[in-house]
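The values are calculated or read from the model by the stated rules, or taken from the named source; none is laboratory data. As the structure is a prediction and not an experimental result, all values here were calculated from the model. Here Cβ is always computed from backbone atoms with ideal geometry, including for glycine, and neighbour counts include all displayed protein chains. Note: accessible area is taken over every heavy atom of the protein model, side chains too, but ligands, DNA and RNA are not part of it. Shrake-Rupley method; radii C 1.70, N 1.55, O 1.52, S 1.80 Å.
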Amino acid sequence: MQTPKTEQEAFTTENRARGLSRRAFLTGTALLGLGGAVTALGGCAPQSTASSSEAAPENTGTSASGTSEYPWPDAPEAIAEDRIEETLEADAVIVGLGVSGVAAFRSAAEEGLSVIAVEKGTAPQCRSDNYCYVNGSLNERLGLPELDIDELAQEEWGNSGGYSNYRIVRKFMQNESEVFDWWAAGDPDIYYPSSPEEADAINGQYLQKSLEHPYAVSSMSYRDADWTENKAFYPVRIYFTDHEHVVNENAQRAIDAGGQALYGHFAEQLITDEDGTVRGVYVRNAETGQYKKITSRNGVILATGGCESDEGIMAKFYPTVVKVGNLNPWPNYDAEGNLTNTGDGYRLGAWAGADFSLNMAPMCHVMGGHADTADMSLVGMTTPHLHLNYNGERFMNEEIDCTDVEVALESQPQGKCFLIFDSHLDEQAPQSFDPVKGRVLGRGPWTLAQMEERVDGETVFKADTIEELLASIPGMDAESALASIERYNEMCANGYDDDFRKSEKYLWPVQDGPFCAQRTGLGFCLTTMGGLRSDEECRVYNKDIKPIPGLYAVGNIQGDRFAVKYPFKMPGISHSMAMYYGYVAGKNIAATPLA
């Protein structure tokens, strides 16, 4: 059986090789499930959000020129009746089958609702594998400590500058572990380690690609770390060894409960009443180019993902990402071979009268790599060694977490800097918390020998003297850099960082050769975490700050979960919050039929 990834790769490779139109072929379009929950309608459904009778434009994955404040038309073009190939009805409609959409799909279906889920890819979508897990039933097995939920919620809310919805954050912290257990139980093949030691063994096997249990849940948290340190994250990071398997199995649980899944279908317009109530959605069938009109008795849940693949929407809502050039590393494609996460929910919500959260957060954090290519394997050291920019200047306290390093780098020449260290790396690296590669991932701290193997004269440099090292770095102001190193060494000798207040234990001088420099750059834009104004019940709000009846948002289209920056100290929180609020939205839409 092909996985969604291999299926999409085969589809893309075959059709591009043949030089055929992406619109002309679809490998995964299917109406799945036999629950009898979909009924053809004979009459007219409520009006759509369109304002004309012209046919809808084709979905190109890019923004149209807008005439208003947004980078899209004020209203969608109406869909002509002769382009509607089928009319369907259900209790609930889910738009998007990523983590949040699949959770909503299963949650609603298990409440006995007739549910139709539409996804523009050829299968459920997922990426990465990390989840945040706080004070749950697996804590003892995974060796995770109990944490103060109120303190965590307050800290995460504070990290957003107070822009996020505190109720969203706190409700999540209080309940997410129980819902994670439900999510994991949706995959009958999941293996649970019996002890922290077995979890460590699974982690090592995962990194070595030699798993005894291919479908398992384990922990990537360094349990003995001082998580009050700036670079350290809380011991809440767990993961699935095969995330795709978990997502697919949960989608199957929804189908087993009577749900229907339409793949290769693109949601292009919501159907609303004159009073603004959302009653359904028009979706384009990529195989036929025609439309299905799907009406819903309880409403629509948008689980459409982010907007990182649409530069116009990114420029409007995440301008810094566009300006500094963070790359998008994820190869998720729709059924027509185009990148997903094109801001579909932004347009759909706006046309239905939705407001947007006041401040949005891109998931961008330094990964130690040079960020010249969207290659997730090119990670590097993120330790608190001396950092210098191309001007030869020190510009930050190097012990701040990777999200704050990202913010600092955004203002530096070329968005890059260099970690400068000497022959004592093997003594220093084990003392620091390197969240990208270090002990937390079971791969051990970086060693001098490993760094020397990476010397290429472009991203990693080595020399016997500091003068030779600085002279070997293209574009570096060597004179200024030498002065910065001399001042830094003086502060190390005095035991006090008079410039940035870095902790004394990390004041490591650069004085004993050989000397090395590792170039590091901006992190990738892993996703966007903003969207439609919402609350802890996943309801979407209009510009009058009133809930829009029948409209819910989950996952990366649900606004007010995060703001300003990604909360690095809670790794996996994006996946967990998407999963949790997908579950919440499924329960809420089941309990709230429309008048």
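Residues in the range 227-268 that are under 28 Å from D148 (Cα atoms) and without any contact (Cβ under 8 Å) to a residue 40 or more places away in the chain: T228 only.
Checking the conditions here, which among R141, R167 is over 24 Å from T295 (Cβ atoms), under 24 Å from the mean Cα position of the chain (by Cα) and of a type in the set (K, R)? Matching residue, one of R141, R167: R167. Residues in the range 321-343 that are open to solvent by 50 Å² or more (accessible area, probe 1.4 Å) and outside any loop (DSSP other than H, G, I, E, B): V322, K323, Y333, L339.
For (1) acidic (D, E); (2) on the phi > 0 side of the Ramachandran plot; (3) outside any helix (DSSP H, G or I), each residue gets a yes or a no:
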| position | (1), (2), (3) |
| --- | --- |
| G475 | no, yes, yes |
| E490 | yes, no, no |
| R501 | no, yes, yes |
| G523 | no, no, yes |
| V540 | no, no, yes |
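Condition (residue is farther than 29 Å from D404 by Cβ, aliphatic (A, V, I, L, M) and surrounded by fewer than 19 Cβ atoms within 10 Å (Cβ to Cβ)) applied to the range 202-215: is it met by at least one residue? Yes, because at least one residue in the range 202-215 is farther than 29 Å from D404 by Cβ, aliphatic (A, V, I, L, M) and surrounded by fewer than 19 Cβ atoms within 10 Å (Cβ to Cβ).
Inside the range 160-181, can you point out the residues that are open to solvent by 50 Å² or more (accessible area, probe 1.4 Å) and closer than 20 Å to L147 by Cα? If you could, list the steps in order and put the result at the bottom.
First pass over the range 160-181, keeping only residues open to solvent by 50 Å² or more (accessible area, probe 1.4 Å): 161, 163, 166-167, 170, 174-175, 178.
Across the range 160-181, the qualifying residues are Y166, R167, R170, Q174, N175, E178.
Each residue in the range 268-285 was checked for being crowded, with 24+ Cβ neighbours inside 10 Å and not in a strand (DSSP E or B), and 0 pass. Considered as a group, the residues in the range 471-517 that are closer than 28 Å to F433 by Cβ and small (G, A, S) include one that is most open to solvent (accessible area, probe 1.4 Å), and that residue is A493. Does the range 459-470 include one or more residues that are touching a residue at least 60 places away in the same chain (Cβ under 8 Å), acidic (D, E) and either part of a loop (DSSP other than H, G, I, E, B) or open to solvent by 20 Å² or more (accessible area, probe 1.4 Å) (or both)? Looking for residues that are touching a residue at least 60 places away in the same chain (Cβ under 8 Å), acidic (D, E) and either part of a loop (DSSP other than H, G, I, E, B) or open to solvent by 20 Å² or more (accessible area, probe 1.4 Å) (or both), one finds none in the range 459-470, hence no. Under the condition of being over 22 Å from D181 (Cα atoms) and of a type in the set (G, A, S), the residues counted in the range 89-120 number 5.
Could you please let me know if A104 is outside any strand (DSSP E or B), open to solvent by less than 10 Å² (accessible area, probe 1.4 Å) and of a type outside the set (S, T, Y)? Taking the combined requirement at face value, the residue satisfies it.
Here A184 fulfils each of the conditions (1) under 23 Å from the mean Cα position of the chain (by Cα); (2) open to solvent by 60 Å² or more (accessible area, probe 1.4 Å) apart from (2).
Residues in the range 118-154 that are aliphatic (A, V, I, L, M), farther than 19 Å from V246 by Cα and part of a loop (DSSP other than H, G, I, E, B): V134, L144, L147.
Anything in the range 376-401 that is in contact with a Pro (Cβ under 6 Å, 6 or more places away or on another chain) and open to solvent by less than 10 Å² (accessible area, probe 1.4 Å)? List them, or say none. Scanning the range 376-401 gives N389, E398. In this structure, does A257 turn out to be at pLDDT below 90 and either small (G, A, S) or in contact with a strand residue (DSSP E or B) (Cβ under 9 Å, 6 or more places away or on another chain) (or both)? So A257 fails the test.
Within the option set K565, K546, being within 27 Å of A104 (Cβ to Cβ) and free of Cβ contacts under 8 Å to residues at least 12 places away in the same chain holds for one residue only, K546.
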